[in-house]
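I am attaching a structure below and will ask some questions about it afterwards.
The values are calculated or read from the model by the stated rules, or taken from the named source; none is laboratory data. The structure displayed is predicted, hence computed values, not measured ones. Here the Cβ positions follow ideal geometry from the backbone for every residue, glycine too, while neighbour counts run over all protein chains shown.
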């Protein structure tokens, strides 16, 4: 995967380097390397064989990277596809904290990006928002009896929101830094009853989201 990524970036850099400076930029490709901060959800308490009570499940923080490809359909508006990968582990918490096993977290989002200022400005702040999915990978572990077990991965609907700044050293090559927040819907807990004189009474839920926060920087090429 790393070799393929380096190869793609090398081709993009070559194309960007030979593109005429006066040309309108229709495409933008980028890669960022981030500190991935993760948070999970709480649930019903259960007494485990080790004597501890657990009521939370979380992915652990880890290194993350993302790749994006975008189409500029105006000087300021851009449509992006963003893929991100974070190395993580599945962790349960309560009266004690225990790491179950290694797990990957991958996200796939279509996003709309607004780039501020003129297209030819060296420094351009940006904001983005999008929809997509977060995939939590399979977890393989050994239980307390020595048996090998696995937990199947799942994909969940998620949104993504972020912003930052791009600095173009040349018309085609730049660097960028930013932050991106990605909440994935996991479940809803019953929060009680709500009664209305017109609609009647119904159960309302309290939605829980697992979140990923990426903070970092990388490179961007446009052509």
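Tell me which residues, restricted to the range 32-60, are within 26 Å of residue 113 (Cα to Cα) and surrounded by fewer than 19 Cβ atoms within 10 Å (Cβ to Cβ).
33, 35, 37, 39
Please verify whether residue 165 is at pLDDT below 65 and out of contact with any helix residue (DSSP H, G or I) (no Cβ under 9 Å at 6 or more places or on another chain), treating the condition exactly as stated.
So residue 165 does not fit the description; no.
Looking only at strands (runs of 3 or more DSSP E) that lie completely in the range 86-154, which have at least 1 residues being touching a helix residue (DSSP H, G or I) at 6+ places or on another chain (Cβ under 6 Å) and either surrounded by 14 or more Cβ atoms within 10 Å (Cβ to Cβ) or in contact (Cβ under 8 Å) with a residue 24 or more places away in the chain (or both)? Working first, answer last.
On the way: elements: 97-115, 123-136, 139-142, 148-151.
So the answer is none; nothing clears 1.
Could you check the range 63-85 and list, in sequence order, the residues that are crowded, with 18+ Cβ neighbours inside 10 Å and closer than 19 Å to residue 210 by Cα?
Passing the criteria: 64, 65, 66, 82, 84, 85.
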